[in-house]
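These notes concern the structure reproduced below.
The values are calculated or read from the model by the stated rules, or taken from the named source; none is laboratory data. What you are looking at is a predicted structure, and each value in this text was computed from that prediction instead of being measured. Here Cβ is always computed from backbone atoms with ideal geometry, including for glycine, and neighbour counts include all displayed protein chains.
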C-alpha cells in the first residue's frame, strides 16, 4: 500500500512540460467533496452543508499553477435514487466519470467503509483506464490509529475489486492538511497541454447559478432533515440599479425559493418572516463577496408541488 504524506520529487528540468486536464471528486453524499474543491481552488465555488445530497450542479473549480491547470469537477454524491431528481443526479455523475482524466474517490476518515462506498468502488472498478486516487477526507476528526485502520481498509477494498489505487492520500480540507500535496499528485496524471481557461478564472459556473446556490446554502441551515431536498432556488434577474452614481453601484437581485408543500413555507419564512430575513442577510454577504459589489436581495418563497418528481417542474428549475 502506498500512502502519500509528502510531495513527489519535482522534475529535474525547470522547463518541464505544462499539463492541463480534468479531475473529478466522487463519493457518497457528504463525504467532503465540495469542501475539498473549495480548499484546492482557494475560494468558494461549491456550496457545502451538513446535509447529504447538497450538490446538484456539476461545478468546475479551476486551480492555476505554473506547471499545470487542474480543473476540478464536483459532482453530486452517487446514491440510491428515490425521485426523478435523484436519477438525474446519478446520470450526471456517471457521465462525468467517463469524461475526466483522474477520479478522486473521497472517503471520510471518521466513518467505516459501508455499502455506499462499496457500491461506488464497484462502479469505479469497471472504469479501467482512468487513474483512481483514494482521498481520505476529514482526517482532523480522527486519531492516528483510526486513520491507519481506514487506510488499510481502503487499500484492501481496491484489491478485492481487482484494481490498484494510483495513490492513497489522507487530507483535511478544514485544517488545510495535505491539500497542496493532493494537487501535486494529481497533476502528473493529467495530459500535457496548454491552459484551458484564462488566468484568474476560478469556475465556469454562470454568476446567476452561483448566486442561487449561495441562497440555497443559507436556506439549508437549521431546517429539518427532510426539508433540504425540497428546496430549489431560481434567480429571476440580476440588474444594476439605474440612476446610481458610478462610485456607489447597487445590484438588484430578485430570487425565488421553491419548496414542495405549503406546510414547508412557514419553516422557510419563520415567525414574522424572521428566518427568511436571516437567509437574506447571510446570503447577501456571500453574494457581495463573490461579485464584489453591494447587493439588494429580494427573496420570495413559492410552492412548486412535488417538483422533485415532476419532469416539467424539474426543467423549469434547471434540472
Conditions first: (1) surrounded by 14 or more Cβ atoms within 10 Å (Cβ to Cβ); (2) not in a strand (DSSP E or B). Residue 134 passes all but one, so which condition is the exception? (2)
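Results for (1) at pLDDT 60 or above; (2) more than 26 Å from residue 94 (Cβ to Cβ); (3) within 13 Å of the chain's Cα centre (by Cα), shown as yes or no for each residue.
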| residue | (1), (2), (3) |
| --- | --- |
| 10 | no, yes, no |
| 20 | yes, no, no |
| 23 | yes, no, yes |
| 31 | yes, no, yes |
| 36 | yes, no, yes |
| 40 | yes, no, yes |
| 62 | yes, no, yes |
Can you find even one residue in segment 104-116 that is in the same structural domain as residue 31 (by TED's automatic domain parsing) and at pLDDT below 90? yes
